[in-house]
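First the structure, in the form of structure tokens, and then the observations on it.
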Amino acid sequence: MRTIAQITGLVIFCGAFLGALTGAGSAAEDDVAASRPGRAAAHAALTDGADLPATPPSLPAVSSDGTRRARESAALANGSNGAKRSESAREAESQADQHANVGARLTREEIAKRVAEASIVAAVRSAAADQHAAAAQARATSAKANAKAAGPPSGLHPPGHR
Amino acid sequence: MLFLVSASVRADAGHDAHLLAGAQHFQAGRFTEALVEFRVAERIANDGGPTWYVAATLVKLKRPDEALSAFARAEAADPTDRDGLFDYYHALACYDARLYHCADRLLAVVGDGAGPRIAEQARKIRGDLASLLTSTAPAATIDWYHARGQAALRTGDGALAAAYFEEALAWAAARPDGYRREEATEGRARARAKSAHVEPKP
């Protein structure tokens, strides 16, 4: 008889426990802001900060140097048609153009390379800083949580905590 | 069991405090500080919820590739948290990475759930993209997406690589010659296979 009572009690306890869990779940869904103020605040901040893109859309492209050089060559060829210039003068001008183009291209490539290098360094530094700061804070938080879990030596809980 | 429940509640409370701190920084425009707080929350949370905020903050910091990786991580870890607001930020990450088809797809589903202002902004961006998306991309543009996809594959970021190959594929599909279309399909498959592996928390 006593065993039956114990089993009945256990079943009631389990039922109540499960009921409390599901009840708490639906209540929490109804009041996310109250139970998780951080998440609600983060959502609100994101909503306020959602703005429009700063630049209009534009298609990217790999280096158009090849296309540009071809166009320049075509332009040079067209310009020479019908011109009363000697063959040697055209040759000299063409060579000068070519040198100027190569020089300009090298300068642009050099600048692009330097900018890319600087961007990579900045990105690596930035990522490293984020990671280090996050790791340090995570460690501190974990230490605090452990200290709280251990509780005060007297067994009393701080106000507001049960 | 009680110990487990108690530990879970503690972690939940802990990460929520960091979300709150991150929200304050975000609101004040201090996005680097917000990112640190959200990353701490991400590390100590039991779910992938905070990763969505990490991703959105990376958008504000103009780090679209990292944001796209974080969105992929969030989607994999906690798909139930996805909503119109996160879709909007995800679309901005795509836009900044010049993945315009990706941005348009996401903006199309933002809807009014994210609020009337954001819904209106989504419509405006889609309007701005409309003429571009109906144009034919030159080969050099498609080459650019392939180059980005390959670069992401080299760094092991399968999700990001898949996004770039997907875009290359979308642009190639609109061209009569289907420029590098098969290559894009193949690249996307390889990228997806790579992203199927579990991506660790940062």
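The values are calculated or read from the model by the stated rules, or taken from the named source; none is laboratory data. None of the values given here were measured: they were computed from a predicted structure. Here the Cβ is made from the backbone with ideal geometry for all residues, glycine too, and neighbour counts use every protein chain on show.
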- May I ask you to verify whether B:Ala130 is on the phi < 0 side of the Ramachandran plot and loosely packed, with under 15 Cβ neighbours inside 10 Å? yes
- Task: Test B:Arg43 against the criterion of being surrounded by fewer than 24 Cβ atoms within 10 Å (Cβ to Cβ), more than 10 Å from every other protein chain (Cβ to nearest Cβ) and either outside any helix (DSSP H, G or I) or not aliphatic (A, V, I, L, M) (or both), and give yes or no.
- Result: no
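With within 16 Å of the chain's Cα centre (by Cα), more than 8 Å from chain A (Cβ to nearest Cβ) and closer than 26 Å to A:Thr55 by Cα as the only criterion, which of B:Ala72, B:Ala28 stands out? Step through it out loud before you land on a result.
Working: B:Ala28 fails: within 16 Å of the chain's Cα centre (by Cα).
Unique residue meeting the criteria: B:Ala72.
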- Message: I'd like to know if segment B:4-14 contains one or more residues that are within 20 Å of A:Arg139 (Cα to Cα), at pLDDT 95 or above and in contact with a Lys or Arg (Cβ under 9 Å, 6 or more places away or on another chain).
- Response: no
- Message: Looking at B:Ala147, B:Ala189, can you tell me which residue is under 20 Å from the mean Cα position of the chain (by Cα), part of a helix (DSSP H, G or I) and away from chain A (no Cβ under 14 Å)?
- Response: B:Ala189
- All positions within segment B:73-96 that are buried (at least 21 other Cβ atoms within 10 Å of the Cβ) and in contact (Cβ under 8 Å) with a residue 40 or more places away in the chain: B:Arg73, B:Cys94
- Single residue of B:Glu166, B:Glu120 found to be among the charged types (D, E, K, R), modelled with pLDDT of 95 or more, assigned to a helix (DSSP H, G or I) and over 21 Å from B:Asp83 (Cβ atoms): B:Glu166
- Query: Can you spot a residue in segment B:99-115 that is within 25 Å of B:Pro50 (Cβ to Cβ) and in contact with a His (Cβ under 6 Å, 6 or more places away or on another chain)?
  - Reply: yes
